[in-house]
Amino acid sequence: MRKNNWAMALALAVLLPLTARADEGMWLPLFVKRLNHADMQKKGLKLTAEEIYDINNASLKDAVVQLGGFCTGEFVSSQGLLLTNHHCGYDAIQSHSTPQNNILQNGFFAATKAEEKKNPGLFVDILVRMEDVTGKVLEGITPATPEQERMATVQKRQKELADAAKENGQYVAYVRDMFGGNEYYLFVYQRFGDVRLVGAPPEAVGKFGGDTDNWMWPRHTGDFSMFRVYADKNNKPTATPQDGNVPYVPKKHLPVSLQGVSEGDFAMVFGFPGRTQRFLPAAGLQLTLDQTNPARIKLRDTRLKLWKEDMDRDPALRLKYASKYASIANYWKYFIGQNEGMKRLKTVEAKQAEEKALADWIAQDPARQQQYGEALSTINQAYAGIRQYNLSVQYINEGAFGTEIITLASRLMPLYMALKATPADKAAIQKAAADLKEPVAEHFKDYSAPTDKKVFAALMSLYQQDVPKDQLPDVFQTVQKQYGGSMQKYADYVFSTSFLTSQAKTDAFLAAPTLAKLEADPAFKTMNSVYTSFTQNILPTMQGLQAGLGRANRLYVAALREKNAQKVYSPDANSTIRLSYGTVRPYRGRDAVSYDYKTTAQGILEKEDPSNPEFVVPQKELALLKQKDYGRFADKNGNLPVAFITDNDITGGNSGSPVINGRGELIGVAFDGNWEAMTGDLAYDPELKRCINADIRYVLWCVEKLGGAKHLVDEMTIVNNGPNPGVGPQTSASAAAELGDVEKMKVKTDKGGKTKIKRKKEDAAAGM
Ligand code: ARG
């Protein structure tokens, strides 16, 4: 028996030398104690569950904030100093940049608090508490409740619960569904509307490697920026930046460790992952693969090329379009990688096999058949229906609305409604016009009408060409009849006639808005034609299909969880606070290619290319690196660490998240994922999926040595508590974790890299 076990363990280790217990999971911190803590301790965590999440006492969660609803940041000082990514601060950094004072290009560190830059509209949310409200939301609802009724009841209760938790506007609160609507959670936050820019490295550091290196490892990017949260004199949030505000004193800020990372170190990431779709059925994956992603890629490709042509010609325009370009390019490459990965990893096929097994399991039992029998067939039918209209939806989103003037026109919809209302309500019209002042100014601050005109002509042409003819909005007939089918001529007409091409003309309209003027505007007319065709011809069908799909998905997820009862699932990411944990870990990317777990400044010098804007290294950095002036930030071998990878499960929205060691100290800032695992949002692959992090020592080197802002580092709590706790190099770690529980075996990696298994002496002595 024991021999057999030993033999089985050996066989397992040989077959699966790298198969760790999957580090999949973006966990709700509420359940850390029950679901994860023991496993985390095995990997090296030294903290109690309460030190991670506690609503009564300061815990790690108090140091982590959601930034602007799209990123994560963490407090690194008792004065509200916040660390996040450069690409999270990008918009703010760009907004404070001009060709004369180009802080995006040159970098910037406020020498005093007075120099910190206000960002109207930017906010952070700090979690106060979260609660499982499934029982309250679903009370009285049964499988027999008609779907429409269920949806209405659920929505109403979600709103009631959130409203009650807001405590008269003191908090921001919402209820989010998890597991496809099988569970519901309430989240309560404090929202701080005064978040000031403190510093950022030059773009050549913060975005080093550009789109070429984006979504890839190995990486040499100093992807960080710093902000400070301000509060009123009582440490309470204000809705907007206020002159009298003072730095917020967080309940908790993260101590910073300069010890550095080694393979197998415990690492956890706290943050706000945006969206994963790990429960997306095969038909949904298939649609993404062969319809949605190709459409998005094609349309973005066109838009980016046209933008870039003009950006390369004109430095002022380059600055204006820098942030939009970066964000469109970021997901353009993501869609490409996701599709490549889905083909390579056979993601659809794997899901089909899973569904087949689920269908068999359901069919085995009449009760299951009764409960879940409809799920998979409804899903497949719904996707077949969605497929008929999906291209239209994509071309409206990324095509028509990929044009800036059309997006601006759509913002005038509330005003249009007010103008159309009978009897006329002057006050409502005035309010709708006044509400547009700010967004309009914002729009034109970074706008080039000639550039947008090219994009309009190109994207609308693709729309006309690629979408089923019977789904095209009327505007294309106008183009046909009045402009001989020439989108170029139509674009000339729109851009020479519309008042939405300049701020002066738009403001003039808003000063005395009339329905006749708005309805005559060709940009508005174009938008309205697309919008009307969507709401009349596409939306009703889509809504019906989506409702059926909602119900079927809920049953599908419930069936899956019941079938695999031994597996603890984590809910899909939905921009709520999550914790993921794992270890510092290298990977094998593809046949014969293995990646180290860390990069150093040596790699910056290797990549440096003064002739390629994506790989320029600023003069000052070059000089410091050539002198090896690393100060106290060098690693044990005298190199300057730059980035490292862990097997933490993260996604977009986690950007800027703290990477925390087993003692609760900050060791890095998460900023990206790797190319080999671009399907990660759809399916998690423990062998390939890595989280890319800026090493905190490189961040601090950039602040202190490159940026000359030692005062900011001095604000932090730098600790020196020795090496990070962890499980050591992965080959042994994973196999030991996998086998250790079962077999109490010790797995070691010998110098040749082979996995050896030894029985633990004490176990052998005990005759196990
Ligand atoms: N891929 C990163 C993310 O989504 C963003 C990196 C930004 N850098 C860039 N070159 N666009 O989190």
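A few remarks follow.
- Dividing the mean sequence gap of close Cα pairs (under 8 Å, 6+ apart) by how many residues the stretch 491-621 holds gives a relative contact order of 10 percent.
- Rounded FRET efficiency, nearest 0.05, which uses the C-beta distance separating Lys136 from Thr48 and R0 of 30 Å: 0.55
- The stretch 366-407-the stretch 273-325 distance, computed between alpha-carbon centres (Å): 20 Å
- Residues whose placed amide H lies under 5 Å from that of Trp27, excluding near-sequence neighbours: Leu579, Ser580
- Each label point was placed 7 Å from the Cα along the Cα-to-Cβ direction; for Arg313 and Asn612 their separation is 2.7 nm.
- Restricting the stretch 553-600 to trypsin sites (Lys or Arg not before Pro) that sit in a DSSP loop and have at most 15 other Cβ atoms within 10 Å of their own Cβ leaves Lys567.
- Cubic angstrom per residue, convex hull over Cα atoms of the stretch 670-713: 81 Å³
- Additional length obtainable on full extension of the chain from Thr717 to Ser410, 0.36 nm per residue less Cα span: 105.7 nm
- Here Asn168 and Asp243 are evaluated by their C-beta separation; at R0 = 22 Å the FRET efficiency comes out at 0.25.
- Interatomic Cα distance distribution for the stretch 356-459, bins of 5 angstrom, percent: 2, 10, 12, 10, 10, 10, 9, 8, 7, 7, 7, 6, 2, 0
- Here the spin labels are modelled as points 7 Å beyond Cα on the Cα-Cβ line, and at Arg588 and Ala144 they lie 5.6 nm apart.
- Residue-wise HN-Hα coupling along the stretch 653-665, computed from phi with Karplus coefficients 6.51, -1.76, 1.60 (Hz; x: Gly, Pro): x, 6, 3, x, 5, x, 9, 10, 7, x, 9, x, 9
- Ranked by the mean number of other Cβ atoms within 10 Å of their residues, highest first, the peptides 289-299, 629-639 fall in the order 289-299, 629-639.
- D_trans [Stokes-Einstein, Kirkwood Rh over alpha-carbon pairs] for the chain, 20 °C, 1.002 mPa s, µm² s⁻¹: 76 µm²/s
- Computed log10 I(q)/I(0) for the stretch 83-212 at 0.09, 0.20, 0.22, 0.23 Å⁻¹: -0.47, -1.04, -1.18, -1.25, from the Debye equation with unit scatterers placed on every C-alpha and solvent omitted.
- Straight-distance crosslink candidates among lysines, where the alpha carbon sits under 24 Å from Lys489 and sequence neighbours closer than 8 are dropped: Lys298, Lys305, Lys308, Lys453, Lys454, Lys469, Lys481, Lys505, Lys517, Lys525
- Spatially near lysine pairs across the stretch 122-238, Cα under 28 Å, sequence gap of 8 or more or different chains: 7
- Spin-label pair Arg34-Ser78: with each label point 7 Å from Cα along the Cα-Cβ axis, the two points sit 3.7 nm from one another.
- Here the calculated FRET efficiency for Ala424 and Thr541, from their Cβ-Cβ distance with R0 = 30 Å, stands at 0.30, rounded to the nearest 0.05.
- With Cα atoms defining each centre, the stretch 43-69 and the stretch 449-472 are spaced 48 Å apart in the structure.
Read-outs throughout are calculated quantities, based only on the coordinates presented, and are distinct from any laboratory measurement. Because the structure is predicted, anything quoted here is derived from the model rather than measured. Cβ atoms come from the backbone with ideal geometry, glycine included; neighbour counts cover every protein chain shown.
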